[in-house]
Each structure stands twice: as C-alpha cells, then as structure tokens.
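For reference, the structure is listed below as structure tokens.
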C-alpha cells in the first residue's frame, strides 16, 4: 500500500522578474525528512512564501534545495 496516496499537495508558483533573477544570490540548503514528492512540494511552497525568495527548486533525490534570493 502506498502511504503517500492521500498526501496530495498543490504546487505554488510565484511570478519571477527575469532581470532580478539574473542578479540573484543562490544558496543551497540541505533538507532532511522528505519521503515523497509531496514533501518536496511542501518545502518548496514554504520557501516561496518567504519574502525575498524568487525561486526554490527542491530535489527530493538529493535532499537539497536551490534557492534564488
């Protein structure tokens, strides 16, 4: 049985200013505790909700997030 079957999370998107993104700083964060793609989406959504975060790419397989500030 799939333990994550009832764990749906909608992905949040945020408009990105391409010019600002070119000048953004990039940080990599180590993430632990993610068990499925929905966990990764929750982390991404939480990062995008923070002021100053332009983009957040969470990689479930590598347990990292690349964040553009």
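Between residue 16 and residue 63, with labels modelled 7 Å along Cα→Cβ, what's the label distance in nm to one decimal, could you check?
Modelled inter-label distance: 2.6 nm.
Within the range 33-69, which residues have the backbone N less than 15 Å from the label spot 7 Å out from residue 25 along Cα→beta-carbon, could you tell me?
So the set is 51-55, 67-69.
Do me a favour and compute the ellipsoid semi-axes for the chain from its Cα gyration tensor, root of five times each eigenvalue, largest one first, whole Å. Kindly include the intermediate steps, with their values, before the conclusion.
Working: eigenvalues 123, 35, 12 Å².
Listed largest to smallest, the semi-axes of the chain are 25, 13, 8 Å.
Quick note: the coordinates plus some simple rules give every number you see, no bench work behind them. Quick caveat: nothing in here was measured; it's all calculated off a predicted structure. Note: ideal-geometry Cβ built from the backbone for every residue, glycine included; neighbour counts use all protein chains shown.
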